[in-house]
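> This is the structure I have questions about; it appears just below.
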Amino acid sequence: MKNQDSNNYRSEPIKKSKNQVLLIWIKSVINSKLSWTLILTWFYFLFFLIIPIFALLNKASQSLFKDFFFIATQPIALSAYTVTFSMAFLASIFNGIFGFLLAWVLVRYKFPGKRLLDAAIDLPFAIPTSVAGLTLATVYSPQTLIGKFLAQFGIQVVYTRLGIALTMVFVSLPFVVRALQPVLQEMDKEIEEAAWSLGASPWRTFQKVLIPPLLPAFITGVTLGFSRAIGEYGSIVLVSANLPLKDLIASVLIFQNLEQYEYAEATVIATVVLIISFFILFGVNLLQSWNRNRRK
């Protein structure tokens with residue numbers, strides 16, 4: 001009995017010390033000479049980003065590596081990864097091209113309805129994603145004029161991968177436009193005119209004068225749109241058929257596993273998507289760093 005009491009007495013300070021570590025760290029941060037804006041930034045970064053990610057990884061690490069690999073490489077999961085990232089990649093290419101053209105038109109040209117078009121770009125940010133999915137499903141359904149017209153050419157949008165790509169384009173287009181607009185507005189048009197006066201062709205001027213300052217903003221906008229497309233759920237679940245090995249995306253697969261109380265499967269799939277997204281974003285950051293160093 002004495003040994004048991006002594007063990008309980010020894011373990012109690014250890015438990016208290018674990019609980020007091022966070023409090024001591026918080027007090028040290030508060031008493032430090034750091035600015036409050038920096039402190040609030042770190043708190044936001046810690047509690048809203050780092051802790052949820054580590055909680056997800058900790059939950060996934062509770063399974064054995066063999067189970068993790070088996071769950072992550074199931075045919076349904078592999079198909080969901082392929083559909084998600086391939087459709088997000090296609091949507092990013094489309095948004096990169098037409099988002100640049102749209103930003104260029106809004107900055108360089110004046111035309112009736114310009115303010116209305118500029119305001120409409122932010123519409124995907126304002127409306128709920130479920131409303132966006134219901135709207136797209138209604139517009140492109142086979143019973144509508146657009147759906148019947150496309151059906152004449154054998155094109156079906158709703159309940160196909162094409163509908164998923166279209167939905168991803170809709171929800172992620174504003175990122176590219178809003179990232180490019182400020183840079184285009186700050187660019188002096190006299191630089192282009194100087195290049196033309198020196199004999200440079202329009203394409204040469206675009207390649208040597210316009211692309212270098214626009215490239216970082218362009219990559220940032222495309223990357224943000226790509227990330228937004230990967231995590232989309234509310235609108236895609238209404239547009240796609242959500243059939244395994246056909247048009248099922250990762251976020252919908254995760255939700256289906258949670259509905260069936262398969263928490264381990266949902267955690268593993270979410271972890272795989274998180275890791276792949278991290279490496280993609282890390283590669284994009286390396287590309288931007290390389291571009292900045294090359295320009296110096």
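> I need the peptides 108-119, 201-212 ranked by packing, meaning the mean over residues of other C-beta atoms within 10 angstrom, with the highest value on top.
My ranking of the peptides, most packed first, is 201-212, 108-119.
> Using alpha carbons only, how many angstrom separate the centre of segment 277-293 from the centre of segment 212-262?
21
> If you keep only loop residues by DSSP, which chymotrypsin sites (Phe, Trp or Tyr not before Pro) in segment 233-270 have at most 16 other Cβ atoms within 10 Å of their Cβ?
Values: sites: Tyr233, Phe255, Tyr261, Tyr263; in loops: Tyr233, Tyr261.
Sites meeting the loop and neighbour criteria: Tyr233, Tyr261.
> Continuing with this model, one more query. Assuming R0 = 30 Å, can you tell me the calculated FRET efficiency for the pair Gln156 and Leu286, based on Cβ-Cβ distance, to the nearest 0.05?
Values: r = 39 Å, r/R0 = 1.31.
With a Förster radius of 30 Å, E is 0.15.
> Would you mind ranking Leu258, Leu38 so that the residue whose beta carbon has the fewest other beta carbons within 10 Å leads the list? Write down the numbers at each step before the final one.
Details: Leu258 14, Leu38 11.
Result, fewest neighbours first: Leu38, Leu258.
> Can you list the HN-Hα couplings for segment 146-162, worked out from phi with the Karplus curve (6.51, -1.76, 1.60; θ = phi - 60°), rounded to whole Hz and with x for Gly and Pro?
After applying 6.51 cos²θ - 1.76 cosθ + 1.60, I find 5, x, 5, 5, 5, 5, 5, 9, x, 9, 10, 9, 6, 6, 9, 5, 4 Hz.
> Same structure, new question: For segment 174-198 and segment 111-139, write down the distance between their C-alpha centroids in whole Å.
26
> Keeping to pairs on different chains or 8 or more places apart, tell me how many lysine pairs in segment 68-295 have Cα atoms under 26 Å apart. Don't skip to the answer; put the middle values down first.
Working: Lys110/Lys189; Lys110/Lys208; Lys114/Lys189; Lys148/Lys246; Lys189/Lys208.
Pairs that pass both the separation and distance tests number 5.
> Run the quick spin-label model on Ile276 and Thr73: label points 7 Å from Cα toward the beta carbon, then report their separation in nm to one decimal.
In this crude spin-label approximation the distance works out to 1.5 nm.
> Next question, about the same structure. Which parts of segment 259-296 would a label at Ala194 reach, counting a residue when its backbone N lies under 15 Å from a point 7 Å out along Cα-to-Cβ?
none
Here, each number is a calculation from the coordinates, and none is a lab measurement. Note that the structure is a prediction, hence the values are computed from the model and not measured. Here the Cβ is made from the backbone with ideal geometry for all residues, glycine too, and neighbour counts use every protein chain on show.
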